[in-house]
1. Before anything else, pin down the relative contact order of chain B: Cα pairs under 8 Å, at least 6 apart, normalised by residue count, whole percent.
2. What does DSSP give for chain A in terms of the percent of beta bridges that are antiparallel, rounded to the nearest 5?
3. Rounded to a whole number, what is D in µm²/s for the protein assembly as shown from Stokes-Einstein with the Kirkwood radius over alpha-carbon pairs (20 °C, 1.002 mPa s)?
4. Provide a whole-number value for the mean count of partner chain Cβ atoms within 10 Å of the Cβ atoms in peptide B:13-21.
5. By Cβ position, which chain A residue lies least far from the axis that rotates chain A onto chain B, and what is the distance to the nearest whole angstrom?
6. Taking the Cα centre of the protein assembly as shown as the origin and placing charges on Cβ (Lys, Arg +1; Asp, Glu -1), which of A:Ala86, B:Leu145, A:Leu33 is farthest toward the positive end of the dipole?
7. Could you tell me the ratio Rg/Rh of the stretch B:74-169? Both radii from Cα atoms, Rh via Kirkwood.
8. Can you list residues whose amide H is under 5 Å from B:Cys83's amide H, if they're 5+ apart or on another chain and H is modeled 1.01 Å from N?
Protein chains: 2
Amino acid sequence: MSQGDPIAELVSLLGRLPGIGERTATRLTFHVLGSDPTYARALGESLAQIHGRVKRCTICGNYGAEETCAICRDPRREAELLCVVARVPDLVAIERSGSFRGRYHVLHGLLAPLDGVGPDDLPLHDLVARCESDGVREVVVATPLSVEGEATALYVAEVLRPKRVKVSRIASGVPHGGELEFTDQITLGRAFAGRKPL
Amino acid sequence: MSQGDPIAELVSLLGRLPGIGERTATRLTFHVLGSDPTYARALGESLAQIHGRVKRCTICGNYGAEETCAICRDPRREAELLCVVARVPDLVAIERSGSFRGRYHVLHGLLAPLDGVGPDDLPLHDLVARCESDGVREVVVATPLSVEGEATALYVAEVLRPKRVKVSRIASGVPHGGELEFTDQITLGRAFAGRKPL
């Protein structure tokens, strides 16, 4: 197929999505071509408009259709309990688990000095301001258990140290259903270090 | 997230693509939200416009940006040698293999009486007309080696029997790199039936 070909163009654009290689992109393109044009238009318009229709909550950074998100507007959610997450999908996963009834603070990133992401690139001043204005009692830091996630968690704790706020970190250990045999050394080390009386 | 939510809408639309479940659709949606809006708009517009920009070649049924496709317009492709395929992706795979230098005839389907697809739903009259007008010598039937593909191949041969056209079928056998141990009985049977002198 020649350049400027709409099929090649769609294959190339789809192929830039994570986990979608050229083969899958080609298969999806032919699937779309072979199915209802109404569907292709609906999907296309939804994609083209998504950035315009989705706003970041001005309080916590969660995505939503309005200025503030549904969680920040919900009076039943405890305002004195905050959970710090790196990305909105992490917030969605925590919501799905039903294990947290407070509100969130989404960093939209992690400290990564090598990639040029420093403390000023994360909304940490907003976090401190929220802790003061909302009388926050506890901040649970639920950044990933990776090097960058851990560094960011330590930095959040450091920033909040002068405030009257308890800062906690989600537990690290062997996951549910995990086999000890196939668990990495660092996780096993954390599982032992974090052991609790039975 | 509530109904009418643009995120939920995009997840649902992406989740209708083959091989993309709700988890992947969610991951893709957040990826798009986290990346350049220009990309989301380009992909969206490409999808929304694909049906309007892609035409079926009036001669062979291949996709292209013009009334006739690049292969039918190419004077170096033998017009007397036709390859019948079920779908355009099959044509693309054959082109990629470089094993055929003639032209194509795309059926955009296979005989499937149970699904209500009969001979009149496939462009077989066009195939006969092309054989007559272009002085076609040979028609290679490259429909899939499935029940429906085989039935369609036999029907194509039947339709062309009154014409002075050689009709052939692509070979069936053990694929390149295939282990005999893991090859199904039907394929092995075909490999033996189609054996050639060394």
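1. About 13 percent, as a whole number.
2. So the antiparallel bridges amount to about 20 percent of the total.
3. Calculated translational D: 83 µm²/s.
4. Working: counts 8, 4, 0, 5, 10, 6, 5, 5, 0.
If you average over the peptide's residues, the count of other-chain Cβ atoms is 5.
5. A:Gly44, 2
6. B:Leu145
7. Details: Rg = 12.8 Å, Rh = 13.5 Å.
Rg divided by Rh gives 0.95.
8. Hits under the 5 Å cutoff: B:Arg103, B:Tyr104, B:His105, B:Val140.
Any read-out appearing in this document is the output of simple, stated calculations on the displayed coordinates, not a laboratory observation. As the structure is a computational prediction, the values presented were derived from the model and not from experiment. Because the Cβ atoms are built from the backbone with ideal geometry, glycine has one as well, and the counts that use them run over all protein chains shown.
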